Amino acid sequence: MTEIEFVNGGDAKQQADKVAKELVKFSRDINFDGEALLDFVQESIIPVEQFFANYTCAIMEIETKFKVLNEQFSLKYDGNPIESIKSRVKDYDSIIRKIIRKKLPHTLEAIEENINDIAGVRVICSFEDDIYRLAKCLLQQDDITLIREKDYIQNPKPSGYRSLHLIVSVPIFLENEKKDVKVEVQLRTIAMDFWASLEHKLKYKKDISPDKLEMLTKELVDCANVSASLDRRMQNVRNNII
């Protein structure tokens with residue numbers, strides 16, 4: 001298994017180069033063969049770079065699938081169900097916090113097996129019906145494997161958060177192998193996404209008093225209810241148009 005030690009900030013290659021240079025400097029100070037050490041570090045970091053590259057490739061696969069569906073739907077239903085697609089690969093800091101919280105071994109294999117949201121794709125739709133239609137079409141594809149589904153639209157979180165979450169596995173084709181990679185897919189309406197963005201900002205706001213935080217949290221719950229009502233009303237309007 002590949003043992004790794006994460007370094008905060010930057011991408012994998014930048015951090016690898018930084019660590020390698022520091023080790024070479026240190027080795028020279030103690031009259032050690034710095035170039036040999038640099039070669040060792042560069043070889044050791046390649047699995048880490050490949051690890052993150054795999055998740056980037058998996059995101060590209062999922063994005064392409066949704067773009068194809070969006071194009072097909074535009075022809076069949078005379079309208080695009082997808083407003084936008086956002087994606088990200090989880091950064092080092094987030095992975096570090098998660099492996100500490102889950103008490104996982106510091107190995108790439110343990111992280112791949114136990115952390116499902118390293119790669120994330122968020123699909124923003126116009127209407128709730130589009131969410132379920134797109135999710136159904138994605139899961140019907142024979143190279144997609146559903147690992148877990150959580151429907152926070154039908155069953156919102158106490159905070160008011162609403163979204164459809166899918167953990168799926170998708171194959172990526174590398175030079176000499178096919179590899180299944182997990183991706184978290186979130187599907188939500190524009191209203192859901194706007195609300196979630198505001199909640200995220202509140203969650204990470206440091207300098208806020210407990211009383212004000214409680215007041216704003218309650219206000220957000222009310223906003224979530226209004227947002228859900230608006231989604232339903234807009235859906236009804238659309239149903240009466242088509």
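The values are calculated or read from the model by the stated rules, or taken from the named source; none is laboratory data. Keep in mind that what you see is a predicted model, and the values were worked out from it rather than measured. Methodologically, a virtual Cβ is constructed for each residue, glycine included, from the backbone with ideal geometry; neighbour enumeration extends over all protein chains shown.
Quick look at the numbers
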read-out	value
Boolean, K150 is in a strand (DSSP E or B), within 17 Å of the chain's Cα centre (by Cα) and either more than 22 Å from E128 (Cα to Cα) or aromatic (F, W, Y) (or both)	no
Residue match in the stretch 199-208 (condition: within 20 Å of the chain's Cα centre (by Cα), under 25 Å from D129 (Cα atoms) and surrounded by 16 or more Cβ atoms within 10 Å (Cβ to Cβ))	yes
Some residue of the stretch 188-205 being farther than 30 Å from T56 by Cα and outside any helix (DSSP H, G or I)	no
Residue satisfying condition, being more than 23 Å from R88 (Cα to Cα) and of a type in the set (G, A, S), within set S163, S159, S197, S169	S159
Scope the stretch 159-173; condition in a loop (DSSP other than H, G, I, E, B) and either among the β-branched types (V, I, T) or in contact (Cβ under 8 Å) with a residue 60 or more places away in the chain (or both); matching residues	S159, G160, Y161, R162
Residue within the stretch 143-152 that is loosely packed, with under 13 Cβ neighbours inside 10 Å and at pLDDT below 95 present	no
Residue among Q72, Q14 that alone is over 15 Å from A119 (Cα atoms), modelled with pLDDT of 90 or more and loosely packed, with under 13 Cβ neighbours inside 10 Å	Q72
Count - residues of the stretch 53-75 that are within 17 Å of A135 (Cβ to Cβ) and out of contact with any strand residue (DSSP E or B) (no Cβ under 9 Å at 6 or more places or on another chain)	3
Residue in the stretch 46-53 that is touching a Ser or Thr at 6+ places or on another chain (Cβ under 6 Å), part of a helix (DSSP H, G or I) and at pLDDT below 60 present	no
Qualifying residue in the stretch 22-41 (condition: surrounded by fewer than 12 Cβ atoms within 10 Å (Cβ to Cβ), within 30 Å of Q186 (Cβ to Cβ) and either more than 20 Å from the chain's Cα centre (by Cα) or modelled with pLDDT of 80 or more (or both))	no
Top-ranked residue of the stretch 92-128 - restricted to ones that are part of a loop (DSSP other than H, G, I, E, B) and of a type in the set (V, I, T), ranked as nearest to L230 (Cα to Cα)	I118
Contacts under 6 angstrom Cβ, first residue in the stretch 125-145 being more than 13 Å from Y77 (Cβ to Cβ), partner of a type in the set (G, A, S) and surrounded by fewer than 21 Cβ atoms within 10 Å (Cβ to Cβ), 6 or more apart	T145/S169
Failed criterion for L174 (all others in (1) in contact with a Cys (Cβ under 9 Å, 6 or more places away or on another chain); (2) under 29 Å from N54 (Cβ atoms); (3) modelled with pLDDT of 95 or more hold)	(3)
